[in-house]
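Participant: After the structure tokens below, expect a handful of questions from me.
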Amino acid sequence: MGKKKFLNFAIIGCGSVAIDHAKAIEKLGHNIILGTTKSKNSLNWKIFLKQFPYVKFSNIKKILENKDVDHVVSCLPLDEQKKNCEKLLFSKKSILIEKPLHDNYKKLDKIINNKKSYLNNKAIGYNRRNYKIIEFLKNRIDKGGVTSVSVNISENYNILKKKYKSHLNKKFLHVGSSSHIIDLLQYLFVDIKVINKWVFRRKKLNSFSLVMKSKKNFPVFVKINPLDPDEVGIKVRFSDESLWQLAPIERLRIFKGYDIKKLGKKNFNKMYIPRIKSTYTENKHLRPGFVNQIKNFISNNSKKLCRPKQNLKLIRLLNQII
């Protein structure tokens, strides 16, 4: 049996998410040899270098041309990502691109369908696809018997406003929690379509109530609200009367049946308590899903990774919602 090959990575855009990717890369024993930010004097680069002092500063062009680089992770902000999207997809390098790849369907469609594009070794960083509990839930869904799905999404307006400032109502579905959770819906249920929608427009963030339909013709109800105090997550109901709930997405609970607890002598004072059969929690030693995502990226595992064409379908769906 031959020795394990350690690979060389480069990181484009060395902000906070890049640090989590770098930790996952190191955890697997691989090397990070190059990194880049807008400037060598930028705060992001200084913070990154404190944790990974051996990484050499470079630029996007040199990284994509460097023969010693086996894999690239791109963590650019949305506007920078859009500027470099073509450059990354036209590169022959294996590249993991942090979401969002783009927010304009027509422009991305043109890039993806260009003959210069190399798509088979590109992946979009929707890390929640790589959770073990998501795999467990997907295996159950694939066995059949889903009767309905209900989804609640809460967008953190304060964080989004600080990061993106202008035109937030056009951007937030692409950059916030909605993007991750609706990508999960596409991954779990193969194909979903918007049947009807209601929009409550406001200056901060709009609210959406959606009725969607899966390929297998069961309903998917989605609520998207800013700073929603209700429990965030995905509920999947099955014909065996079980309820599988991701809430938060890092915890899967399986319910079946309920107990009735009397709160007083009068019959109408009752509490209905769902029975929990099982609880599974995603490992949080590092950012959840990141280690498995790097593993799947290295092995080019198409079953777990989000490909550019899949992301294009997601962008079209998000634009229909907006």
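The values are calculated or read from the model by the stated rules, or taken from the named source; none is laboratory data. Note that the coordinates shown come from a computational prediction; the quantities given were computed from them, not determined experimentally. Glycine also receives a Cβ, built like all others from the backbone with ideal geometry; neighbour counts cover every protein chain displayed. The protein model used for the area step is the full one, side chains on, heavy atoms only, and it has no ligands, DNA or RNA in it. Shrake-Rupley method; radii C 1.70, N 1.55, O 1.52, S 1.80 Å.
Participant: Which residue fluctuates the most in the chain, going by a Gaussian network model with Cα springs under 10 Å, if the choices are 163, 223, 304?
Facilitator: 163
Participant: Oh, and also: Kindly write out, for the range 219-229 in residue order, the coupling ³J(HN,Hα) from the Karplus curve 6.51 cos²θ - 1.76 cosθ + 1.60 (θ = phi - 60°), rounded to whole Hz, with x marking Gly and Pro.
Facilitator: x, 10, 9, 10, 10, 10, 9, x, 6, 6, x
Participant: Longer than 20 Å from Cα to Cα, which of 110/161; 99/303; 56/99; 161/203; 163/309 are they? Say none if no pair is.
Facilitator: 110/161; 56/99; 163/309, as the Cα separations exceed 20 Å there.
Participant: Taking a quarter of the surface of the convex hull around the Cα atoms of the range 232-322, what do you get in nm²?
Facilitator: 10.3
Participant: How much accessible area does residue 272 have with a 1.4 Å probe, in Å² rounded to the nearest 10?
Facilitator: Probe radius 1.4 Å; accessible area of residue 272 about 130 Å².
Participant: Which value, in Å² and to the nearest 10, is the accessible area of residue 221 when all protein chains are kept and the probe is 1.4 Å?
Facilitator: We get 90 Å² for residue 221.
Participant: If amide hydrogens are placed 1.01 Å from N in the peptide plane, which non-local residues have theirs closer than 5 Å to the one on residue 32?
Facilitator: Residues meeting the amide H criterion: 9.
Participant: Can you work out the Karplus-derived ³J(HN,Hα) for every residue in the range 129-145? Use 6.51 cos²θ - 1.76 cosθ + 1.60 with θ = phi - 60°, whole Hz, and x for glycine or proline.
Facilitator: Per residue, the Karplus-derived 3J(HN,Hα) values read 4, 9, 5, 5, 6, 5, 4, 4, 5, 4, 4, 5, 4, 5, 6, x, x Hz.
Participant: Could you check which residue among 145, 35, 257 shows the biggest mean-square fluctuation in a GNM of the chain with a 10 Å Cα cutoff?
Facilitator: Highest fluctuation of the listed residues: 257.
Participant: With +1 on each Lys and Arg Cβ and -1 on each Asp and Glu Cβ, and nothing else charged, work out how big the dipole of the chain is about its Cα centre, in Debye to the nearest 20.
Facilitator: The calculated dipole for the chain is roughly 300 debye.
Participant: By DSSP, what percent of the beta bridges with both residues in the chain are antiparallel, rounded to the nearest 5?
Facilitator: Around 60 percent antiparallel, to the nearest 5.
Participant: Moving on. Calculate, in nm to one decimal, what residue 139 and residue 92 gain on full extension: separation in residues at 0.36 nm each, minus their alpha carbon distance.
Facilitator: Extending this stretch completely gives an extra 13.6 nm.
Participant: Hey, another quick one. What list of ³J(HN,Hα) values in whole Hz, one per residue of the range 278-294 in order, does the Karplus curve 6.51 cos²θ - 1.76 cosθ + 1.60 (θ = phi - 60°) give from phi, with Gly and Pro shown as x?
Facilitator: Going residue by residue, I get 8, 9, 10, 10, 6, 4, 10, 4, 10, 4, x, x, 5, 5, 5, 5, 5 Hz, with x marking Gly and Pro.
Participant: Between residue 247 and residue 61, what's the calculated FRET efficiency when r is the beta-carbon distance and R0 is 51 Å? Round to 0.05.
Facilitator: 0.70
Participant: Ignoring everything except DSSP H segments at least 4 long, calculate the 222 nm mean residue ellipticity for the chain; use -39,500 (n - 2.57) per segment, divide by total residues, nearest 500.
Facilitator: Calculated at 222 nm, the ellipticity per residue is -10000 deg cm²/dmol.
Participant: Further question on the same structure: Mean projection of the alpha-carbon convex hull of the range 81-177 over all orientations, in nm²?
Facilitator: 8.7
Participant: Oh, and also: Given a 1.4 Å probe and the protein chains all in place, what does the accessible area of residue 134 round to, in Å² to the nearest 10?
Facilitator: The accessible area comes out at roughly 0 Å².
Participant: GNM on the chain, C-alpha springs below 10 Å: top fluctuator among 93, 122, 261?
Facilitator: 261
Participant: Give me the distance in nm between label points sitting 7 Å out from Cα along the Cα-to-Cβ direction at residue 46 and residue 273, one decimal.
Facilitator: Label at residue 46, label at residue 273, 5.5 nm between them.
Participant: Now a separate question. One quarter of the convex hull surface, Cα atoms only: what value does that give for the range 1-67 in nm²?
Facilitator: Taking the Cα atoms of the range 1-67, their convex hull projects to 4.9 nm² on average.
Participant: Treat the range 14-137 as a sphere of radius equal to its Kirkwood radius over Cα pairs and apply Stokes-Einstein at 20 °C in a medium of 1.002 mPa s; give the translational diffusion coefficient in µm²/s, rounded to a whole number.
Facilitator: Rounded to a whole number, D works out at 138 µm²/s.
Participant: Just the number, please: Stokes-Einstein D of the range 132-272 in µm²/s, Kirkwood Rh from C-alpha pairs, 37 °C, 0.692 mPa s.
Facilitator: 196
Participant: Once you have the Kirkwood Rh of the chain from its Cα pairs, apply Stokes-Einstein at 10 °C and 1.306 mPa s and quote D in µm²/s.
Facilitator: In µm²/s, the coefficient rounds to 75.
Participant: What's the center-to-center distance, using Cα atoms, between the range 170-194 and the range 217-279 in Å?
Facilitator: 22
Participant: Is any residue of the range 74-89 close enough, with backbone N under 17 Å, to a label point placed 7 angstrom from the Cα of residue 117 along the Cα-Cβ axis, and if so, which?
Facilitator: So the set is 81-89.
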